[in-house]
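Taken together, the values in this text are just the output of simple stated rules run on the coordinates, not laboratory data. Predicted, not measured: the structure shown is a model, and the values here were computed from it. Please note: Cβ atoms are built from the backbone with ideal geometry, for glycine as well, and neighbour counts cover all protein chains shown.
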Amino acid sequence: MKHLLSMKHLSTDEIMMILERAEQFKKYGIRQTPSPYIISNLFFEPSTRTKTSFEMAELKLGLDVLPFEPGFSSALKGESLYDTVKTLEAIGLDALVIRHPEDGYYEPLLDNVNVSLINAGDGSGQHPTQSLLDLYTIKEEFGSFEGLKVLIAGDVAHSRVARSNADALKRLGAEVTFLCPPEWAGEFDCVNCWDEVIGTSDVVMLLRVQHERHDEQTSMTKESYHAQYGLTVERETMMKEKAIIMHPAPVNRDVEIADSLIECGRSRIFKQVENGVYVRAAILDMISKGRQ
Amino acid sequence: MKHLLSMKHLSTDEIMMILERAEQFKKYGIRQTPSPYIISNLFFEPSTRTKTSFEMAELKLGLDVLPFEPGFSSALKGESLYDTVKTLEAIGLDALVIRHPEDGYYEPLLDNVNVSLINAGDGSGQHPTQSLLDLYTIKEEFGSFEGLKVLIAGDVAHSRVARSNADALKRLGAEVTFLCPPEWAGEFDCVNCWDEVIGTSDVVMLLRVQHERHDEQTSMTKESYHAQYGLTVERETMMKEKAIIMHPAPVNRDVEIADSLIECGRSRIFKQVENGVYVRAAILDMISKGRQ
Amino acid sequence: MKHLLSMKHLSTDEIMMILERAEQFKKYGIRQTPSPYIISNLFFEPSTRTKTSFEMAELKLGLDVLPFEPGFSSALKGESLYDTVKTLEAIGLDALVIRHPEDGYYEPLLDNVNVSLINAGDGSGQHPTQSLLDLYTIKEEFGSFEGLKVLIAGDVAHSRVARSNADALKRLGAEVTFLCPPEWAGEFDCVNCWDEVIGTSDVVMLLRVQHERHDEQTSMTKESYHAQYGLTVERETMMKEKAIIMHPAPVNRDVEIADSLIECGRSRIFKQVENGVYVRAAILDMISKGRQ
């Protein structure tokens, strides 16, 4: 594997290989790579969990990490991402983990760049490592994807996660339904009401309300969003016995999900965070060793 | 030791144990811990010396450190400290060093958190590692605390250091007097004039005028503060022969203390900084090894 | 070598020694130093390539690096550079790499400071490691400096690079000509037109238009700057057969140089970046080992 750009670029075989490698790391521990491999994490948007998760995976693999703070870089002098990446390549970096606000920021880089690129989120496009850790968490729970009913609820149109997950889950045999306010549906086909879906879903995957991205657009208060589209305490009681709750976090408490449900028995929210380290270690391991 | 939260939580035995471990580190060097232990430094307020001091202690102990920049974290997306801490715990961190502007920020974390917490300053509350390095510096100088006269001069009400130190010093047998402008005394009993105390104090511990915290409140200029409440060149000449000057820094030169006194023979200001590394290494060593 | 402050402080022998050490590192790889040596990079101005280049050199030499983010340091509390440096020295740092907006910021530090200082750029003064990597790149290309004709084109008066390079190149036997708009010439003697110099120069060294430093001053548009003072596609065709193009970067594409020339056969722009790591490693190696 040379780059990890989007779920679209991964075959189902490749997805399963990543999930299996992650599983081995979780079972037997992450082995340190003895070979020198130098990486940097370029986060042009704020993030705690994704950045720290990558850094933990890099630490456990024994990779060398060069710090990079975009808020204090030449990007402030108007340097393009292409020039930044070519510069870091010339300095000797082997791989770059990049989160960037622009959709498909990596496209103009691919022709001329030798360094490996790992997409940690592009605009409202893809966020493949988040998708893979979601898939891992589902597989860990249910063993396989065949016939699973997955409900993705929330800000579908603005969510990287929704886009990345929907396609991959379908390819792997799951059935995906979206639930969201009509004005957030975008090009997706969505249901509008929990009653139709809450009792039959195996996985309820909540999305973050992206206050940063659409301050203006909706007249809904937090309370009315929660009442209509959030996972309330009452709705949780209607879930199937073994159904689980997922959320990519950070959570807006009492908006997408009732505060008291975040650490409830069905919630896999912090387990997703934990699994993220193993999935990212699997990807970095495969890329740093140039393995298919 | 599981956490280090405040001086109140430490018995005098525990304080003495920390000071002794620090003394051994200073004498014989800081030994690297071979066991893997992963830590992060969460500074939600600016700091050079405290953060760098912790990082030096961590480096010398051979701990693994994950970078964390709160200015670029999900805190910007409104994530609570509790969620940030639970996330970092799920990612696999063993301990967190935290400076946070809120008094007692750690209280709501204690029930649900497994990671060790080391308080690097909470609001105008406690700053236990600063207190411990102050105590270390006094003990290094005088051998013991019994009967020592310590004067704490300055912004008593807004100072973490004043609160943390006063109680601990008294418990260890020292006599503590405060000197400050009446409007900054808060709940403390303060003298108002140097003449009463300058000739009898063994330790003159100056506090920083916190311009950040009270821009408005006083009509005093820097010059008049220095003249009335600062350690002037003239006052220094009235100090006891072996008396020392301390300041947690950063110093406002010619406000709390005359510029020319900062590196004078009595000043322990940069020695305090040096000692901070040993004290923090002692604490991290005890916490990372789960020792009492 | 104790400090690296400016090109003025280096004899031609010392310059040649640095270039030779860098050449060995490039040929045989950078050897890890086994001795403990702790360094920090203090960048008070934004930079990608210089900071990352130093960090790569430090990593390859096996030096210990403490992170420092000035945007989040006590500098915000008004602490002077002197106090910051004395503090970091007390904490136990051996060397500091510093970029600072003030010309000659290091002068007031020299008398009282034991830590080694490596100047990574001071205001519009010197930037000696950039000069040295430029010299290295020229020497790598032509073998020696004797009789080489070097053209430095652009914002001569505001450029650290121009100042540092001009003097060193002349001392090493090269002939230096400046080309710039009359209002940017400062104290330098400049030609005003490419025709006089483009056909005879061995090295065309372009400088960055410093939009940050002089927003107001010129009525020239980017297009008219490029047409009059930039290296256009047409001018490149008039260069000598073996002549090369250099630029310290970040480049303002289609201002100082036509976009299509940046990665052309004559361009050494990304090679300069690559060479920077070897040159900085050579300097750090000499300083950390206390060698002349």
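Distances from residue B:114 to the same residue in each other copy, label points 7 Å out along Cα→Cβ, in nm, shortest first?
Nearest to farthest, the other copies are at 4.4, 4.4 nm.
Given axes a ≥ b ≥ c from the Cα gyration tensor, I'd like to know whether chain B is rounded (a/c under 1.5), prolate (a/b larger than b/c) or oblate.
Since a/c reaches 1.5 and a/b is larger than b/c, the shape of chain B is classed as prolate.
Can you tell me the relative contact order of segment C:55-169? Whole percent, Cα pairs under 8 Å, sequence separation 6 or more.
Relative contact order, segment C:55-169: 19 percent.
For residue C:139, which aspartates and glutamates qualify as cross-link partners when the Cα separation must be under 18 Å and same-chain residues fewer than eight apart are set aside?
C:13, C:14, C:20, C:23, C:167, C:175, C:202, C:241, C:274
For the pair residue A:16/residue A:187, report the inter-label distance in nm, with labels modelled 7 Å from Cα in the Cβ direction.
Distance between label points: 2.9 nm.
Expressed in nm to one decimal, what extension gain is obtained for the pair residue A:32 and residue A:140 from 0.36 nm per residue of sequence separation less their Cα-Cα distance?
36.5 nm
Can you compute the modelled spin-label distance between residue B:227 and residue B:107, with each label point 7 Å from Cα toward Cβ, in nm?
Label-label distance for residue B:227 and residue B:107, simple model: 4.3 nm.
Along its three principal axes, how long is segment A:128-270 when you only count alpha carbons? Whole Å, largest extent first please.
For segment A:128-270, the Cα spread along each principal axis is 41, 30, 27 Å.
With angles folded into 0 to 90 degrees, how steeply does helix B:49-61 sit against the dominant principal axis of chain B? Use alpha carbons for both and round to 10.
Computed tilt is about 50 degrees.
Between copies, how far apart are the residue C:149 label points? List them in nm, one decimal, shortest first, with each point 7 Å from Cα toward Cβ, please?
For residue C:149, the inter-copy label distances come out at 8.2, 8.2 nm.
FRET efficiency for residue B:2 and residue A:149, Cβ-Cβ distance as r, R0 = 51 Å, nearest 0.05?
That gives a FRET efficiency of 0.75.
For residue B:241 and residue A:167, FRET efficiency with R0 = 60 Å and r from the beta-carbon atoms, rounded to 0.05?
Details: r = 80 Å, r/R0 = 1.33.
The computed FRET efficiency comes out at 0.15.
Round to the nearest 10 and give me the degree value, 0 to 90, for the angle of helix C:12-28's Cα axis relative to the longest principal axis of chain C.
Rounded to the nearest ten degrees, it is 80.
Roughly what percent of Cα-Cα pairs across the protein assembly as shown reach past 43 Å?
Summing the P(r) of the protein assembly as shown above 43 Å gives 41 percent of all pairs.
Distance cut-off 21 Å, Cα to Cα: go down the list A:51/C:86; B:51/C:289; B:2/B:86; B:27/B:271 and report the pairs above it.
A:51/C:86; B:51/C:289
Principal axes first, then extents: for the Cα atoms of segment C:83-194, list largest minus smallest coordinate on each axis, whole Å, largest first.
52, 35, 18
Would you kindly work out, in nm and rounded to one decimal, the distances from the label point of residue A:31 to those of the same position in each other copy, ordered shortest first, with label points 7 Å along Cα-to-Cβ?
Distances to the matching label points in the other copies: 3.2, 3.2 nm.
Counting other beta carbons within 10 Å of each Cβ, put B:260, C:6 in order, fewest first.
Working: B:260 11, C:6 20.
Listed from fewest to most nearby Cβ atoms, that is B:260, C:6.
Over segment A:26-149, consider all pairs of different Cα atoms and compute the Kirkwood hydrodynamic radius from their mean reciprocal separation; express it in Å, one decimal. Numbers along the way, then the final one.
Details: mean 1/r = 0.0624 Å⁻¹.
Here the Kirkwood hydrodynamic radius works out to 16.0 Å.
What does the helix-only formula give at 222 nm for the protein assembly as shown: each DSSP H stretch with n ≥ 4 adding -39500 (n - 2.57), the total divided by the residues, and the result rounded to the nearest 500 deg cm²/dmol?
-11000 deg cm²/dmol
Quick one: compute the contact order of segment C:128-270, relative version, from alpha carbon pairs under 8 angstrom and 6+ residues apart, as a percent.
So the answer I get is 24 percent.
How large is the dipole of chain B about the Cα centre if only Lys and Arg carry +1 and Asp and Glu carry -1, each at its Cβ, rounded to the nearest 20 debye?
The calculated dipole for chain B is roughly 960 debye.
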